[in-house]
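Data block below; observations after.
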Amino acid sequence: NSEYSGADVGNYSITGQTDTTADITRLASVIWVGGATGNWFDADNWQGGAVPDLANVATVEIPANVDVTFAASGAPVSIDSLGSAGSLSMTGGELNIGAGGAALAGLTQSGGVFDSTGEVNLGSFEQTGGATRTSGDLNVVERFSQTDGGTLTVGGNANIGTILGDVVLGNVAVTGSLDVVGVGGDI
């Protein structure tokens, strides 16, 4: 209909309505249904085609053995929580996570901003660029590698332990306590 405009006008259909106002409810959660790898912003990869962009979805679930690439260049994406057992590779854009925090098998970051107000629990953290921030605690249990190209800011406590390889610390700032244990290699 020519009365409606905007970048997302194709996502909605309004028919037979006498009222010109409406409320659009935020989707409670969306689950990755794509392959073992894929683009966050491809609708085919998400249950029901609901791409979690802007602030339209509360909880995003990435299943085990899946590595999703986040490479947005537009407006920030804001969700309440990110989790399950999959991994996220961040190359650009901004992902803001609320108090529900994040629980991932891995976070690999070469660019962009990963920002959580809640606790972040990771199997592995590998950073060569970008900024990772959390107001809560950070827990990494398997692998931690950070070069000088990225920044990590933790508002709570940081517990960094590795069972795989060396611990490589770059630009890390922790408000609370910092506990680093390198079982699998040197620090």
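The values are calculated or read from the model by the stated rules, or taken from the named source; none is laboratory data. Source: prediction; values computed, not measured. Cβ placement follows ideal geometry from the backbone for every residue including glycine, while neighbour counts extend to all protein chains displayed. Please note that ligands, DNA and RNA were not included when accessible areas were found on the heavy atoms of the full protein model with its side chains. Shrake-Rupley method; radii C 1.70, N 1.55, O 1.52, S 1.80 Å.
Sort out which residues of the range 42-56 are in contact (Cβ under 8 Å) with a residue 24 or more places away in the chain and surrounded by 18 or more Cβ atoms within 10 Å (Cβ to Cβ), and write them in order of number.
Our first condition is that a residue be in contact (Cβ under 8 Å) with a residue 24 or more places away in the chain; within the range 42-56, this holds for 52-56.
P52, D53, N56 - these are the residues of the range 42-56 that are in contact (Cβ under 8 Å) with a residue 24 or more places away in the chain and surrounded by 18 or more Cβ atoms within 10 Å (Cβ to Cβ).
Just wondering, is there one or more residues in the range 30-40 that are surrounded by 10 or more Cβ atoms within 10 Å (Cβ to Cβ), more than 17 Å from the chain's Cα centre (by Cα) and either at pLDDT below 70 or closer than 30 Å to M90 by Cβ (or both)?
yes
If A85 satisfies every condition in (1) open to solvent by less than 40 Å² (accessible area, probe 1.4 Å); (2) touching a Pro at 6+ places or on another chain (Cβ under 7 Å) but one, which is the exception?
(1)
Select from the range 169-181 the residues that are within 17 Å of T128 (Cβ to Cβ) and in a strand (DSSP E or B) and list them in ascending order. Give the steps one after another, and end with the answer.
Of the residues in the range 169-181, the ones within 17 Å of T128 (Cβ to Cβ) are 169-172.
The answer is N171, V172.
Please go through the range 112-137 and give me each residue that is open to solvent by 10 Å² or more (accessible area, probe 1.4 Å) and not in a strand (DSSP E or B), ordered by number.
G112, T117, E119, T128, S135, G136, D137
So which residues in the range 155-168 are crowded, with 17+ Cβ neighbours inside 10 Å and part of a loop (DSSP other than H, G, I, E, B)?
G155, G156, V167
I'm trying to understand the selection: among the residues of the range 131-171, which are acidic (D, E) and under 19 Å from L95 (Cα atoms)?
Just the residues of the range 131-171 that are acidic (D, E), to begin with: 137, 142, 148, 166.
Matches in the range 131-171: D137 only.
How many of the residues in the range 61-82 are under 18 Å from R133 (Cβ atoms) and crowded, with 17+ Cβ neighbours inside 10 Å?
Quick first cut of the range 61-82, residues under 18 Å from R133 (Cβ atoms) only: 70, 72, 76-82.
Next, only the ones that are crowded, with 17+ Cβ neighbours inside 10 Å stay: 70, 72, 77-82.
Of the residues in the range 61-82, 8 are under 18 Å from R133 (Cβ atoms) and crowded, with 17+ Cβ neighbours inside 10 Å.
Taking the stated definitions as given, is G184 part of a loop (DSSP other than H, G, I, E, B), touching a strand residue (DSSP E or B) at 6+ places or on another chain (Cβ under 7 Å) and either open to solvent by 30 Å² or more (accessible area, probe 1.4 Å) or not small (G, A, S) (or both)?
Working: part of a loop (DSSP other than H, G, I, E, B): yes; touching a strand residue (DSSP E or B) at 6+ places or on another chain (Cβ under 7 Å): yes; either open to solvent by 30 Å² or more (accessible area, probe 1.4 Å) or not small (G, A, S) (or both): yes.
Yes; evaluated as a whole, the condition is true for this residue.
Please work out if A102 is open to solvent by 40 Å² or more (accessible area, probe 1.4 Å) and either over 23 Å from V172 (Cα atoms) or at pLDDT 95 or above (or both). Don't jump to the end; show me each part of the working.
On the way: open to solvent by 40 Å² or more (accessible area, probe 1.4 Å): no; either over 23 Å from V172 (Cα atoms) or at pLDDT 95 or above (or both): yes.
So A102 fails the test.
Of all residues in the range 138-150, count the ones that are part of a strand (DSSP E or B) and open to solvent by 10 Å² or more (accessible area, probe 1.4 Å).
So in the range 138-150, the residues part of a strand (DSSP E or B) come out as 138-146, 150.
Imposing the further condition that a residue be open to solvent by 10 Å² or more (accessible area, probe 1.4 Å) reduces the set to 139, 141-143, 145.
Final tally of qualifying residues: 5.
How many of the residues in the range 141-187 are within 21 Å of the chain's Cα centre (by Cα) and at positive phi?
0
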